[in-house]
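No lab work stands behind these numbers, since they all come straight from the coordinates. Just so you know, these numbers come straight off a predicted model, no measurement behind them. Every residue, glycine among them, receives a Cβ derived from its backbone with ideal geometry; neighbour counts consider all protein chains shown.
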Amino acid sequence: MKKVAIIGMGHVGSTTAYTLISKNIVDELVLFDSRADILQAELNDLMDGQMEQNHQVRLIEPALSELADTDVILFSAGDISIFEGNPDRFAELNLTKTIVEEWAPKIKASGFNGILLNITNPCDVITQYLQELTGFPRERVFGTGTSLDTGRMKHAVSKKLDVHPSAIDGYVIGEHGESQFVAWSSVRIGGIPIIDTLTPEKLAALDDAARDGGWVTFRGKGYTSYGIAIQSARIVEAILNNNHLVVPVSHYHLDEDCYVGSPAKVSLKGITESFPLILSETEQEKWRHTIQTIHAMHDSI
């Protein structure tokens, strides 16, 4: 039985739950939220939403004892309204770090021995804080990182160059935040380096489009959910099926002494290998800047 728990049933948690169900990725889902009315509503709606499916997912009401045999915990607790008129990651951290301080001891005491996948922002710092407070091995605690940002980059490139996203290889790396950047030296279109076909000015415009993708969604509907839900479900599926998927997640980098987004191999054991990119001089400067940003945010805790 493939069992996943989701802590936090807001827009992201609920959309991820529905995605896991509709894609037949899990057999059992344990759902947690501090708002009992919201939780009950989501449990009921998710059950209604799978009535015509042959594969029925067992939906379990919150009980910490259920975590003992859970394969993956998705940590998505937070409050997106903190960003209304204040797009500051530090402001968000002041809230979400307290949620981690509440949940980390509970997760540790439950006997949980699976993979802890964090979505909550600021993703890199919160992931590191979860690992520090639970004491779990670093390879078993990681975040969605720049997987969503990489998807947004592919969206921008696909739209601009009129190619299918599957033809695009490459990564956005660094902080899941304003200091992230596209490692254009890694991007290929049908195997051809994109830096051989586009000018630096056009690449900069695409970088801006990829970076702004999340804000376009947020400004219009007040939150983002579908993009991160599909990336989270993809990572969970890779863990449960031991797929050895290479995806840009936030994982611990020994040389940098912090969690940061870059390509890594994900399997049933968690992070089994990191794939450092060969960066240009300009990209190396951006990497140093994003590392400094993450350290400054973590130090503020």
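Before moving on, here are some points about what is shown:
- When only Cα pairs below 8 angstrom with a gap of at least 6 residues are kept, the range 3-143 shows a relative contact order of 25 percent.
- Coupling constants for the range 43-54 follow from the phi torsions by the Karplus curve (6.51 cos²θ - 1.76 cosθ + 1.60, θ = phi - 60°), and in residue order they are 4, 5, 5, 5, 5, 4, x, 10, 4, 9, 8, 5 Hz; glycine and proline get x.
- Simple label model, 7 Å out from Cα along Cβ direction - Ala204 to Gln292, nm: 2.0 nm
- Here Lys106 is the anchor, and the aspartates and glutamates within straight C-alpha reach of less than 18 Å, apart from those fewer than 8 places off in the same chain, are Asp33, Glu61, Glu66, Asp69, Asp71, Glu132.
- Which listed pairs, of Lys3/Lys154; Lys23/Lys108; Lys3/Lys269; Lys2/Lys97; Lys2/Lys269, have C-alpha distances above 19 Å, in listed order: Lys3/Lys154; Lys23/Lys108; Lys2/Lys97
- Rounded D (µm²/s) - the range 247-301, Kirkwood Rh over Cα pairs, Stokes-Einstein at 20 °C, 1.002 mPa s: 176 µm²/s
- The value of relative contact order for the chain, using C-alpha pairs under 8 Å at least six residues apart, is 18 percent.
- Using only Cα coordinates, the Kirkwood hydrodynamic radius of the range 146-299 works out to 16.1 Å.
- Paired Rg and Dmax values of the range 3-143, which use every Cα atom, in angstrom: 14.9, 45
- Rounded FRET efficiency, nearest 0.05, which uses the C-beta distance separating Glu281 from Lys221 and R0 of 41 Å: 0.60
- Value of [θ]222 nm, deg cm²/dmol, for the chain, DSSP H segments ≥ 4, -39500 (n - 2.57) each, nearest 500: -14500 deg cm²/dmol
- Distance (nanometres) between label positions extended 7 Å along Cα→Cβ at Asn44 and Ile192: 5.6 nm
- Extreme residue, positive dipole direction of the chain, given options Ile291, Phe181, Ser34 (C-beta unit charges): Phe181
- Summarising the amide proton neighbourhood of Glu175: residues at separation of 5 or more, or on other chains, whose placed amide H is nearer than 5 Å comprise Gln180, Gly261.
- Placing pseudo-labels 7 Å out from each Cα toward the beta carbon at His155 and Asp79 gives an inter-label distance of 2.7 nm.
- Measuring between their Cα centroids, the range 111-129 and the range 243-270 lie 12 Å from each other.
- Rounded FRET efficiency, nearest 0.05, which uses the C-beta distance separating Asp27 from Ala68 and R0 of 25 Å: 0.95
- When the Gaussian network model of the chain links Cα atoms closer than 10 Å, the mean-square fluctuations of Ala264, Ala204, Ala156 top out at Ala204.
- Note on the chain: with charges restricted to the Cβ of Lys and Arg (+1) and Asp and Glu (-1), its dipole about the Cα centre is near 520 debye.
- Compactness check for the range 188-262: Cα Rg over 2.2 N^0.38 Å is 1.43.
- For the chain, built as a Gaussian network whose Cα springs stay under 10 Å, the top-fluctuating residue of Val246, Val163, Val141: Val163
- The long axis of helix 147-161 is offset from the longest Cα principal axis of the chain by roughly 50 degrees.
- Relative to the longest principal axis of the Cα atoms of the chain, the long axis of helix 281-299 lies at roughly 30 degrees.
- Within the chain, antiparallel bridges make up roughly 50 percent of the DSSP beta bridges whose residues both belong there.
- For the range 222-272, taking Cα atoms only, Rg and Dmax work out to 12.2, 37 Å respectively.
- Over the chain - Rg/Rh using Cα atoms and the Kirkwood inverse-distance radius: 0.96
- Note that the range 246-251 has calculated 3J(HN,Hα) couplings of 9, 8, x, 10, 7, 9 Hz, one per residue in order, obtained from phi through the Karplus relation 6.51 cos²θ - 1.76 cosθ + 1.60 (θ = phi - 60°); glycine and proline are x.
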